[in-house]
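First the structure, in the form of structure tokens, and then the observations on it.
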Amino acid sequence: MRTVSLRRLGALVSRSTIFVTLALVAVAIAAFYGGRRTAPAPGQGADIDAQEKVENAAISTKGKSGAAAAKPASVQAPGRRMLDSAASNASARAPLPAAGTQLKSILADLKARADAGDADAASRLFKDMETCAQVQRLNQIMPGMANNVLNNNSANTQRQGRMLDFVQRNLDFAQSNAAMCAGLSADDMANLVPATLEAAQLGDAQAANCYVGANLNNWPGLVNNPQWVQDYQSNALNLANSALQQGDWSMAMLMTQAYGGSSRNMLNQLTGTSAAQAYTYAKLMSLGQPTGTQQSQRSTNALSNFSSQLTPDQIQAADQQAQQMYQQYFNSTPRQTGQIANATQACQSGGPAGF
């Protein structure tokens, strides 16, 4: 497909020129996505019997036996880390296929290697499937989004330019990954959920965040695989706790949201709602505020809301627990600006970057 570049538009481009360009974009999208609507329909939600008590999900502030558990968490770059649940892998592995190789042609091999405990193959399968899930999602939403931009007569030229750039970035992403994702069926895409879990169990931090923070509607093949919900119930909290103990700020945010009653994903159905634990994790997040930045009003309001439901003794105990987690698991080191947003964006449920 011939790329329609929108970035040549300058700040002084006329409205009529923008509309003409948007019309070309709409035609290009239709041509690019025509006949490629292979994404399966969203699955129906499933009820989970929350058998885990709130206290079982909370991070213990007592030291664990063993040298590995006693060490404070060091600051780690996003990507690979060895979770407590990770399987041992041999140091010598066969090389992975070249980046961008058609996933359809290597899916079975990567899956077999991942099932045998190859962490690199598991991560590659997870990441490629996440990318292709995002391409299919763009396949569904981009035509309508382009039409909305085309018909938006109220936006000023500057905002039109930002929206055009947004459309272009997503077109570029879908086009650059089209060859890798070509030919994938609904059955192929149903490997996304088990591949994400397997990569998470083998130590992929991004996979753990995507799995624990999953939205049922973004799980292709769920209605035909109801056991995935049971798998989530059995594994999500273990992955969350392991990630937290290794200083994962994205997981700390997910726990804050879950205990606060968020229904954005399934985690709340495991943790239950608890003002005390929600305040604890919100306090932890405030302790890790990036250096040189101000806490958002939303975060301040959350702390105030949760604390209003607690007694002074409960607040004191929660403050102590948050401080101990910050010291033990996060090495008293603030998170980087944008760290959580970037980790969330890496999951296909996060969607494309905003305007």
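Each residue in segment 254-277 was checked for being of a type outside the set (A, V, I, L, M, F, W, C) and within 15 Å of the chain's Cα centre (by Cα), and 3 of them qualify. With respect to the conditions (1) in contact with an Asp or Glu (Cβ under 7 Å, 6 or more places away or on another chain); (2) assigned to a helix (DSSP H, G or I), A112 lacks only one, and its number is (1). State all residues of segment 268-278 that are within 18 Å of A318 (Cβ to Cβ) and assigned to a helix (DSSP H, G or I); if no residue qualifies, say none. Hits for segment 268-278 are T271, A275, A276, Q277, A278.
Picking from residues in segment 100-127 that are surrounded by fewer than 15 Cβ atoms within 10 Å (Cβ to Cβ) and of a type in the set (G, A, S), the one that is farthest from A186 (Cα to Cα) is A116. The set of residues in segment 207-240 being part of a helix (DSSP H, G or I) and out of contact with any helix residue (DSSP H, G or I) (no Cβ under 7 Å at 6 or more places or on another chain) consists of N217, V223, N224, Q227, V229, Q230, Y232, S234, N238.
Checking each residue in segment 194-234 for being under 22 Å from A112 (Cβ atoms) and in contact with a strand residue (DSSP E or B) (Cβ under 8 Å, 6 or more places away or on another chain) picks out G203, D204.
Does segment 297-333 hold any residues that are buried (at least 16 other Cβ atoms within 10 Å of the Cβ), touching a Gly at 6+ places or on another chain (Cβ under 9 Å) and farther than 19 Å from N241 by Cα, and which are they? Hits for segment 297-333 are A302, F306. Is there a residue in segment 183-192 that is part of a helix (DSSP H, G or I), under 17 Å from N224 (Cβ atoms), modelled with pLDDT of 90 or more and not aliphatic (A, V, I, L, M)? There is at least one residue in segment 183-192 that is part of a helix (DSSP H, G or I), under 17 Å from N224 (Cβ atoms), modelled with pLDDT of 90 or more and not aliphatic (A, V, I, L, M). Taking Q175, is it touching a residue at least 24 places away in the same chain (Cβ under 8 Å) and under 25 Å from A122 (Cα atoms)? It is true that Q175 is touching a residue at least 24 places away in the same chain (Cβ under 8 Å) and under 25 Å from A122 (Cα atoms). In segment 289-307, how many residues are part of a loop (DSSP other than H, G, I, E, B) and modelled with pLDDT of 95 or more? Matching residues across segment 289-307 total 0. Scanning segment 243-267 for residues that are more than 13 Å from A205 (Cα to Cα) and outside any helix (DSSP H, G or I) yields a count of 7. Contact map, segment 288-316: residues that are within 13 Å of Q277 (Cα to Cα) paired with residues that are of a type in the set (V, I, T) and in a helix (DSSP H, G or I), Cβ distance under 8 Å, separation 6+ or inter-chain. Pairs shown: A302/T256; S307/I315.
The values are calculated or read from the model by the stated rules, or taken from the named source; none is laboratory data. None of the values given here were measured: they were computed from a predicted structure. For neighbour counting, all protein chains shown are included, and Cβ atoms are generated from backbone atoms with ideal geometry for every residue, glycine included.
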